[in-house]
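A.B. asks: Here's a structure for you.
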Amino acid sequence: MKVLLADDHQLLRQALRRALEDAGATVVAEASDGDEAARFAAEQDLDVVVMDVTMPVLGGIEATRRIHANQPRLPIVVLTMHDEQALRHEAIEAGASAFLTKDCSMQEVVQTVVSTAGGDVGFSTGIAEAILRELGRTEHEARSPSPLTPREEEILQLIADGCSTSEVAEHLYISAKTVKNHLASIYGKLDARDRTQAVLSAVRIGIVHLT
């Protein structure tokens, strides 16, 4: 697992590097500002980016937006001091795959980075709240004709409920590879880059529901 760390605090980068390398990851680059992070992401072969929000030159949200526009399949974990609804929403809209605050444990950060890099991150309550905020309401629209098969709807509902890929596989008694194949089909049908966009699209047309 090849990681880019972007944070303007050197001590935090060093702590994250040690924790990730202890978990078997390779930190291929470190950036101290958002512009540097976006440039490194374009130059390096990466599996995941860990992105601070408040950085000089270019903030982490805009850097996330730039990276996601050029490499929409590259997962980005946003790490910030501020657990604010609006900031969470902004990060997800920019293309973040996960959102963590710096008061969480280092173990949780490492687990989230590893899971996100492997495409196995769950759909968190925070992301669900951000999607409901994006919709501007807490009630869903009337159901529209679904482009998905019943099995795809079932899988996407489980994702919306917070299940990871492996948990969906276990729940449905199918392989994780089969779940990933279904997700690829779902993304194509809903014109989505990732599970966050897929769930957002599905909520809008009433295919799945957030609780």
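The values are calculated or read from the model by the stated rules, or taken from the named source; none is laboratory data. If you're wondering where the values come from, they're calculated on a predicted model, not measured in any experiment. Backbone-built Cβ (ideal geometry, glycine too); neighbour counts: all protein chains shown.
A.B. asks: Please pick out the residue among ALA31, ALA15, ALA19 that is in the same structural domain as VAL110 (by TED's automatic domain parsing), more than 17 Å from VAL114 (Cα to Cα) and touching a residue at least 12 places away in the same chain (Cβ under 8 Å). Before you say what the answer is, go through the steps one by one.
C.D. replies: On the way: ALA15 fails: more than 17 Å from VAL114 (Cα to Cα); ALA19 fails: more than 17 Å from VAL114 (Cα to Cα).
Just a single option satisfies the conditions, and that option is ALA31.
A.B. asks: When residues of the range 182-195 are filtered for being in contact (Cβ under 8 Å) with a residue 24 or more places away in the chain and either in contact with a Phe, Trp or Tyr (Cβ under 9 Å, 6 or more places away or on another chain) or closer than 15 Å to ILE92 by Cβ (or both), how many remain? Spell out how you get there, then give the answer.
C.D. replies: Narrowing the range 182-195 to residues in contact (Cβ under 8 Å) with a residue 24 or more places away in the chain: 182-183, 185-186, 189-190, 193-195.
With either in contact with a Phe, Trp or Tyr (Cβ under 9 Å, 6 or more places away or on another chain) or closer than 15 Å to ILE92 by Cβ (or both) added as a condition, the list becomes 193-195.
Counting residues in the range 182-195 that are in contact (Cβ under 8 Å) with a residue 24 or more places away in the chain and either in contact with a Phe, Trp or Tyr (Cβ under 9 Å, 6 or more places away or on another chain) or closer than 15 Å to ILE92 by Cβ (or both) gives 3.
A.B. asks: Among the residues of the range 1-11, write down those that are in contact (Cβ under 8 Å) with a residue 40 or more places away in the chain and either loosely packed, with under 14 Cβ neighbours inside 10 Å or not acidic (Asp, Glu) (or both).
C.D. replies: So in the range 1-11, the residues in contact (Cβ under 8 Å) with a residue 40 or more places away in the chain come out as 1-9.
Result: MET1, LYS2, VAL3, LEU4, LEU5, ALA6, HIS9.
A.B. asks: Which numbered condition in (1) of a type in the set (Val, Ile, Thr); (2) buried (at least 17 other Cβ atoms within 10 Å of the Cβ); (3) modelled with pLDDT under 90 is the only one that THR211 fails?
C.D. replies: (2)
A.B. asks: Here's a follow-up. Within 19 Å of LEU100 (Cβ to Cβ) and among the basic types (Lys, Arg): which single residue out of ARG13, ARG39, ARG73, ARG66 fits that description?
C.D. replies: Values: ARG39 fails: within 19 Å of LEU100 (Cβ to Cβ); ARG73 fails: within 19 Å of LEU100 (Cβ to Cβ); ARG66 fails: within 19 Å of LEU100 (Cβ to Cβ).
None of the other options fit; the residue is ARG13.
A.B. asks: Here's a follow-up. Step by step: first the residues of the range 75-86, then only those that are among the aliphatic types (A, V, I, L, M) and buried (at least 19 other Cβ atoms within 10 Å of the Cβ), then the one that is nearest to ARG193 (Cα to Cα). Which residue is that? Break it down into steps so the answer makes sense when it comes.
C.D. replies: Keep residues of the range 75-86 that are among the aliphatic types (A, V, I, L, M), which gives 76-79, 81, 86.
Okay, now just the ones that are also buried (at least 19 other Cβ atoms within 10 Å of the Cβ), so 76-79.
On the way: ILE76: 13, VAL77: 16, VAL78: 17, LEU79: 21 Å.
Within the range 75-86, the match that is nearest to ARG193 (Cα to Cα) is ILE76.
A.B. asks: Moving on. Taking into account only those residues within the range 12-49 that are more than 23 Å from GLU108 (Cβ to Cβ) and of a type in the set (D, E, K, R), which is surrounded by the fewest Cβ atoms within 10 Å (Cβ to Cβ)?
C.D. replies: ASP45
A.B. asks: If you don't mind, there's one more thing I want to ask. Just the residues that are closer than 14 Å to ARG151 by Cα, part of a helix (DSSP H, G or I), free of Cβ contacts under 8 Å to residues at least 24 places away in the same chain and not aliphatic (A, V, I, L, M), please, taken from the range 161-181.
C.D. replies: Hits for the range 161-181 are HIS171, THR178, ASN181.
A.B. asks: Test ALA198 against the stated conditions and say whether it is in contact (Cβ under 8 Å) with a residue 40 or more places away in the chain, part of a helix (DSSP H, G or I) and small (Gly, Ala, Ser).
C.D. replies: Details: in contact (Cβ under 8 Å) with a residue 40 or more places away in the chain: yes; part of a helix (DSSP H, G or I): yes; small (Gly, Ala, Ser): yes.
Yes, satisfied.
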